[in-house]
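**Q** Dropping the structure in here first, questions after.
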Amino acid sequence: MKEYNIAKEDEIGVGERIVTEIEGREIAVFNVDGEYVAYLNWCFHQAGPCCEGKVTGTTEATWDSENLTQTLTYTREDEILNCPWHGWEYDIQTGECISRSGVSLPSYPVRIEEGNIILSL
Amino acid sequence: MSQEVASPDVVGDELTIDSDVHLQIRHEDLVPYLDEPWRSRMKDSHTGQQPNDGWDRTVNGKFLMDFDSVQTAEDLKHSLCNDLGVDYPIINTLGLMSRNPENDWSVALMKAHNDFLIDNFLDVYDNFLGLATITTQQPDKAAEEIDRMASEEDIVGIYIHNTGPNPPLGDSFYDSMWEAAEDNDLNVAFHGSADGFMFEFPRQNQSLNQFIEVHTLAHPWSQMLTMISLIVEGTVEKFPDLRWAFLEAGLSWVPYMLFRLNKEYSMRRSEAPLLEKMPEEYFREKMYVASQPLEEPMAQTDLAKLIDVVGTDNILFATDYPHWDFDNPETLNQHLQRMFDPEDLTKVMTQNAIEMFDLTI
Ligand code: FES
């Protein structure tokens, strides 16, 4: 396993990301609420640059079968990564795809050492 | 003519012809191609080329409608040819004017789209080919435009937006248009849209709740309507030299529609008296269907079966670049490489488009 110094901690603010190339792979490092996560910038759908899409919330629904009512909520603000090619939604904290079951983005361990963001590959 | 000849890029080893590439023409760019009074209308009225249908394509802003990559020939060459590996894009302007209510305005837009396409794209690179947009409200005007476009060497067929034309396109109302296409050896590509849904299927447009419903139905419904109309009304017999392509509805609707029509035809043959063959035979001999947007069955083996039933003699490769449901050429190519012989792959990526659009490349 090799380690790569991606950036200084303060170079990726909360809600920001950088996309970099390591050993021929495009990898994105996100600062999610002060925690750093890293994913391959390669969408399971059609190989699009999923890590370059917008980070948003999403719409969820609950169904009350007693009263026959559906309630919509806009939720998980800043937790959903949307692939810019065709909109597949990924959970930014886990890399799990929420629009196609069984799909996850490959992820890489990231840690902070003396103010540097270190990624292991 | 050309400033630069593209060195053929390869997806796998195939020469890739993309049968469905769109422009997204900005209103201000059309102004110089319009005569008065249309020029002033486009400049000053703020109504644009057609009324807005109100549906949100962006999923509440989740993905951006960014069309910078198709605003110039250089941008398109870079993004589609260099980055995605398409060797020959067959470009249409995504002219939607066939669903507009105003006939003369639609005809003016049609001509402007075609002149814009030729000046700004087809005349720039040798590997750029195009389809002339034809609006259908006045078939004689359509025929005139087909005659005008026929002398353009980079125009390889005509493009008809078929969500909205009234009556359906096999009606004898359009015979002069099809005659002009046949006389000029320009085959016909149909392209539906969600944009015309409010005209073609107004009740559904007002009653469905989400754009996903509209978009899922709009393309196949329009293609089904057109295919049934062309076959049953005998257009395929009246204009025997024409070939027909159906873009942007994927593949799976074709077997369903044909097999159903085969059955109906044998029960009610006298209602389609011009036909001399089974409906399916007209498809196999004269029609093509574009791959995009390739359906996504849960099991990959089901996709292979579908492609097999439609037949690799009748499938055209297409990306639909730059729209939000475009297909990455590499993905389709990988599917096909896994599932089919090299000859089948060559038919889909290259050979069928050469036949459909009578290309010399
Ligand atoms: S490539 Fe990511 S959604 Fe299609």
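**Q** Given the peptides B:345-352, B:302-309, arrange them by the average over their residues of other C-beta atoms within 10 Å, most packed first. Walk me through the intermediate numbers first.
**A** Values: B:345-352: 22.1, B:302-309: 15.9.
For the peptides B:345-352, B:302-309, the packing ranking is B:345-352, B:302-309.
**Q** Pick out which of B:213, B:248, B:280 has the largest mean-square fluctuation in a Gaussian network model of chain B, springs linking Cα atoms closer than 10 Å.
**A** Among B:213, B:248, B:280, the largest mean-square fluctuation in the Gaussian network model of chain B belongs to B:213.
**Q** Please check: in the Gaussian network model of chain B (C-alpha springs, under 10 Å), which one of B:323, B:22, B:113 has the largest mean-square fluctuation.
**A** Result for chain B, Cα springs under 10 Å: B:323 fluctuates most.
**Q** Hey, another quick one. To one decimal place, what orientation-averaged projected area in nm² is obtained for the convex hull of the Cα set of the stretch B:271-314? Mind dumping the intermediate values first?
**A** Working: hull surface 16.7 nm².
Orientation-averaged projected area of the Cα hull: 4.2 nm².
**Q** Please list B:70-81, A:2-13 highest first by mean number of surrounding beta-carbon atoms within 10 Å per residue. Walk me through the numbers on the way to the answer.
**A** On the way: B:70-81: 18.3, A:2-13: 13.5.
Per-residue mean Cβ counts within 10 Å order the peptides as B:70-81, A:2-13.
**Q** On to the next question. If you take the alpha carbon radius of gyration of the stretch B:162-308 and divide it by 2.2 N^0.38 Å, what ratio comes out, to two decimals?
**A** Values: Rg = 15.8 Å, N = 147, 2.2 N^0.38 = 14.7 Å.
Against the empirical 2.2 N^0.38 Å value, I get 1.08 for the stretch B:162-308.
**Q** For a test of the definition: using alpha carbon positions, the gyration tensor, and the 1.5 limit on a/c, classify the stretch B:1-160 as rounded, prolate or oblate.
**A** Working: a/c = 1.93, a/b = 1.33, b/c = 1.44.
Judged from the Cα gyration tensor, the stretch B:1-160 comes out oblate (a/c at least 1.5, b/c at or above a/b).
**Q** May I pose another question? So if I take the centroid of the Cα atoms in the stretch B:227-241 and the same for the stretch B:107-162, what is the distance between those two points in Å?
**A** 23 Å
**Q** Any chance you could run the full-extension gain for residue B:260 through residue B:82? It's 0.36 nm times the residue separation minus the Cα-Cα distance, nm to one decimal.
**A** Details: separation 178, 0.36 × 178 = 64.08 nm, distance 4.22 nm.
Extra length available between residue B:260 and residue B:82 comes to 59.9 nm.
**Q** Residue by residue through the stretch B:292-299, what is 3J(HN,Hα) from phi via Karplus (6.51 cos²θ - 1.76 cosθ + 1.60, θ = phi - 60°)? Round to whole Hz and write x for glycine and proline.
**A** Residue by residue, the stretch B:292-299 yields 7, x, 4, 5, 10, x, 5, 9 Hz.
**Q** Could I ask something else about it? With the crude spin-label approximation of a point 7 Å out along Cα→Cβ, what separation in nm comes out for residue A:71 versus residue B:277?
**A** Here the answer is 6.1 nm between the modelled labels.
**Q** What is the distance, in nm, between label points placed 7 Å from the Cα along the Cα-to-Cβ direction at residue B:44 and at residue A:101?
**A** Each label point is offset 7 Å from its Cα along the Cβ direction, giving 6.0 nm.
**Q** Averaging over all projection directions, find the projected area of the Cα convex hull of the stretch B:53-128 and quote it in nm² with one decimal place. Don't skip to the answer; put the middle values down first.
**A** Working: hull surface 25.7 nm².
With every direction weighted equally, the projected area is 6.4 nm².
**Q** Normalised by the number of residues in the stretch B:226-298, what is the relative contact order in percent for Cα pairs under 8 Å and 6+ residues apart? The partial results should precede the final answer.
**A** Working: 70 pairs, mean separation 37.2, N = 73.
It rounds to 51 percent for the stretch B:226-298.
**Q** Still on this structure: Report the semi-axes of the equivalent ellipsoid for the protein assembly as shown in whole Å, largest first, where each axis is √(5λ) for an eigenvalue λ of the Cα gyration tensor. Show your work: numbers first, answer last.
**A** Values: eigenvalues 338, 130, 120 Å².
Semi-axis lengths for the protein assembly as shown are 41, 26, 25 Å.
**Q** Given the peptides B:175-181, B:43-49, B:335-341, arrange them by the average over their residues of other C-beta atoms within 10 Å, most packed first. All intermediate terms of the calculation are to be shown ahead of the outcome.
**A** Values: B:175-181: 21.0, B:43-49: 11.3, B:335-341: 16.6.
Highest to lowest by the protection proxy: B:175-181, B:335-341, B:43-49.
**Q** Would you mind giving the mean number of other chain beta-carbons within 10 Å of the Cβ of each residue in B:120-126, as a whole number? Don't skip to the answer; put the middle values down first.
**A** Working: counts 0, 0, 0, 0, 0, 0, 0.
Taking the mean over all residues of the peptide, I get 0.
**Q** Let me ask something else. Would you work out what percent of the accessible area of the stretch B:98-199, with all protein chains in place, is carbon or sulfur (probe 1.4 Å)?
**A** On the way: 1170 of 3000 Å².
Using a 1.4 Å probe with all protein chains present, the stretch B:98-199 comes out at 39 percent carbon and sulfur.
**Q** Residues of the stretch A:52-72 with the amide nitrogen closer than 17 Å to a label point 7 Å from the Cα of residue B:24, along Cα-to-Cβ, please.
**A** Answer for the stretch A:52-72: A:53-54.
**Q** Same structure again: Taking a ≥ b ≥ c as the square roots of the eigenvalues of the Cα gyration tensor of the stretch B:236-282, is the shape rounded (a/c under 1.5), prolate (a/b larger than b/c) or oblate?
**A** Working: a/c = 2.97, a/b = 1.22, b/c = 2.43.
In terms of gyration-tensor shape, oblate.
**Q** For the stretch A:81-121, what ratio Rg/Rh do Cα atoms give with a Kirkwood hydrodynamic radius? List each step's numbers first, then the result.
**A** Numbers: Rg = 13.1 Å, Rh = 11.7 Å.
Answer for the stretch A:81-121: 1.12.
**Q** As an exercise, find the ratio Rg/Rh for chain A from alpha-carbon atoms, using the Kirkwood inverse-distance average for Rh.
**A** Rounded to two decimals, Rg over Rh is 1.06.
**Q** Could you give the nm distance between label points at residue A:19 and residue B:103, where each point is 7 Å from its Cα heading toward the beta carbon?
**A** Reported label-point gap for residue A:19 and residue B:103 is 5.0 nm.
**Q** With equal scatterers on the alpha carbons only and no solvent term, can you work out the Debye log10 of I(q)/I(0) for chain B at 0.08, 0.13, 0.14 1/Å?
**A** So the normalised log intensities are -0.37, -1.05, -1.24.
**Q** Three principal axis extents, largest first, for the C-alpha atoms of the stretch B:11-86, in Å?
**A** 50, 34, 18
**Q** Another one. Mean Kyte-Doolittle hydropathy of 1.0 or higher plus an axial Cα length of 30 Å or more: which whole DSSP H helices in chain B meet both? Numbers along the way, then the final one.
**A** On the way: long enough: B:211-232 (31 Å, 1.04).
In chain B, the long hydrophobic H runs are B:211-232.
**Q** From Cα coordinates alone, what are the radius of gyration and Dmax values for the stretch B:244-361 in angstrom?
**A** Every Cα atom of the stretch B:244-361 included, Rg and Dmax give 15.3, 46 Å.
**Q** I would also like to ask the following. In whole Å, what is the distance between the alpha-carbon centres of the stretch A:91-121 and the stretch B:201-216?
**A** About 38 Å separates the Cα centre of the stretch A:91-121 from the one of the stretch B:201-216.
**Q** Comparing the chain by itself with all protein chains present, which residues of the stretch A:44-90 are at least 50 Å² less accessible (probe 1.4 Å)?
**A** The answer is A:46, A:54, A:85, A:86.
The values are calculated or read from the model by the stated rules, or taken from the named source; none is laboratory data. Worth saying up front: this structure is predicted, and the values here are computed from it rather than measured. Ideal geometry is used to build each Cβ from the backbone, glycine not excepted, and the neighbour counts take in all protein chains shown. In case anyone asks, the SASA skips ligands and DNA or RNA and just uses the protein heavy atoms, side chains included. Shrake-Rupley method; radii C 1.70, N 1.55, O 1.52, S 1.80 Å.
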